[in-house]
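Working notes for the structure below.
The values are calculated or read from the model by the stated rules, or taken from the named source; none is laboratory data. Since the structure is predicted, the reported quantities are computational estimates derived from the model, not experimental observations. With ideal geometry, Cβ positions are generated from the backbone for all residues, glycine too; neighbour counts draw on all protein chains shown.
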């Protein structure tokens, strides 16, 4: 899945021992496998698994009585969670709401892009390469610079606002910058490549003869799309929507650069509590809540979408 | 002249034939407009507040280090990116080979450990690592940022290289064994060279993820260590100097050039192979 898959299909375009997955010689030498796995797995254990437990532990800490800012005692204060939820449930709901809208928008915008690259440009490697580069290249200009560019594009004195006012889409005193619209627009934009690439990687492997077969059986274009292309591309859609939704729900760059005080997202709250007010237990419990909600949503979604082909 | 073997199907007129490319074209435009803005404003005759167009100049490109801290932050990002890329690519490649080529107990657990960091939001990864560093009484700075970047790059390297390993024909290694190559030399002389494109793609991906990361870096860099994205974010309130746009644009063009060269080399090699 992911950029990864798209990049690697790029790289493996050459005729290296035939295409597609090959039956691999499965070796039973377990020691070899463990030796290869050990360094990376130990690294992930120390710097991913342990930190998650450190985060969970921190989320239950209690303030040391009479101590200075940022000093806490280990404890099991479950109330931290209730207090965090009570204080920040609007941010939590807003984050998932924005992320949902941005994901749907990215799917609507990104699917045709992936379709054109994978199906319409099939057999034209240069065009296909160029379009793929256009999807990946924005990664290399800093995404913060591109978010600032959105700030300029949506600014009060810029041509977009002027044009919309002229056409009457926007009232004369309306603005786009510092609105929820700007935040969702930025989220959609920033995570669009994460939607396009997995869908592309999926459609790229699709056998277009199936669509032709649908046409031979007198199905029209929309019907063959709905009955053949769309169901076959479901694994790509699932991977793309997850890769867009998860980072979007935790993002705070867009909401802090493009939003206002009424559009703060959960990431902003975690950042402020952790780094500014040194309120580690609240920040940690908010992070844990975010992670748990995402894990539950992902499990339900993957089960309903019925794909195990995620990795 | 013989009759054509395949009768070309008469294309029925379909509205979607025209609408989809037009819509996709607009989407590509949407994707490129902010990039175009970033590049355009690198030529802006502006001081610290580079938000409104003031006129064309090449000064920013002539003197990309003209604004304080820009180049220092950029150099930091390159250093972190290179270190993180080298370590993450090495660790990730080993894992990928093990996952495809071996059957072993704990496979599901290993896959889960690769998948979870990719499906955890950056704020959570950043906050968790900082909680860990705090409990270890480790000062945030260069080292903690490199540690964090290696961590989130490994999974993406594994997924990229895994796809490449899975596409290799195992008969090649068997052939090497038939020619009395030891497993060790069969790997280095046959398998590894075929893996190189996948490993390079993974390294490029890891570097771009590391270079562009802001949220995890912000949590684990402390107050004194600054990377390029952090510099841009922190100076957003006071105004971003146009030199930052110069660096962003230069990275964009460098990446574009690199990908185009790789594509052309690949195309040339394919042509050569096809000619036999």
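Candidates are the residues of the stretch B:48-76 that are more than 29 Å from residue B:217 (Cα to Cα) and assigned to a loop (DSSP other than H, G, I, E, B); the one that is modelled with the lowest pLDDT is B:52. Of the residues that sit in the stretch B:16-47 and are more than 24 Å from the chain's Cα centre (by Cα) and within 7 Å of chain A (Cβ to nearest Cβ), which one is modelled with the lowest pLDDT? Ranking the candidates gives B:16 first. Counting only residues that are closer than 15 Å to residue B:98 by Cβ and not in a helix (DSSP H, G or I), the stretch B:163-195 holds 1 of them.
Only a single item in (1) more than 28 Å from residue B:18 (Cβ to Cβ); (2) more than 7 Å from chain B (Cβ to nearest Cβ) is not met by residue A:149, and it is number (2).
Given the condition in a loop (DSSP other than H, G, I, E, B), touching a helix residue (DSSP H, G or I) at 6+ places or on another chain (Cβ under 9 Å) and facing chain B (nearest Cβ under 10 Å), answer yes or no: does some residue in the stretch A:153-167 qualify? Yes. Take the stretch B:227-245 and flag every residue that is under 15 Å from residue A:146 (Cβ atoms) and part of a helix (DSSP H, G or I). Of everything in the stretch B:227-245, those that are under 15 Å from residue A:146 (Cβ atoms) and part of a helix (DSSP H, G or I) turn out to be B:228, B:229, B:232, B:233, B:244, B:245. Return yes or no: is residue A:198 in contact (Cβ under 8 Å) with a residue 12 or more places away in the chain, under 23 Å from residue B:264 (Cβ atoms), part of a helix (DSSP H, G or I) and touching a helix residue (DSSP H, G or I) at 6+ places or on another chain (Cβ under 6 Å)? So residue A:198 fails the test. For the stretch A:98-112, the set of residues classified as facing chain B (nearest Cβ under 8 Å) and over 18 Å from residue A:235 (Cβ atoms) consists of A:109, A:112, listed by residue number.
Give the stretch A:207-248 a look and list any residue that's surrounded by fewer than 19 Cβ atoms within 10 Å (Cβ to Cβ), in contact (Cβ under 8 Å) with a residue 60 or more places away in the chain and more than 15 Å from residue A:111 (Cβ to Cβ), or say none. Selection gives A:208 alone.
Would you call residue B:148 crowded, with 24+ Cβ neighbours inside 10 Å, touching a residue at least 24 places away in the same chain (Cβ under 8 Å) and either assigned to a helix (DSSP H, G or I) or at the interface with chain A (Cβ under 7 Å from one of its Cβ atoms) (or both)? Yes. Filter the stretch A:65-78 for residues that are exposed (fewer than 12 other Cβ atoms within 10 Å of the Cβ) and at pLDDT 80 or above and give the result. Within the stretch A:65-78, A:65, A:73, A:74, A:76, A:78 meet the criteria.
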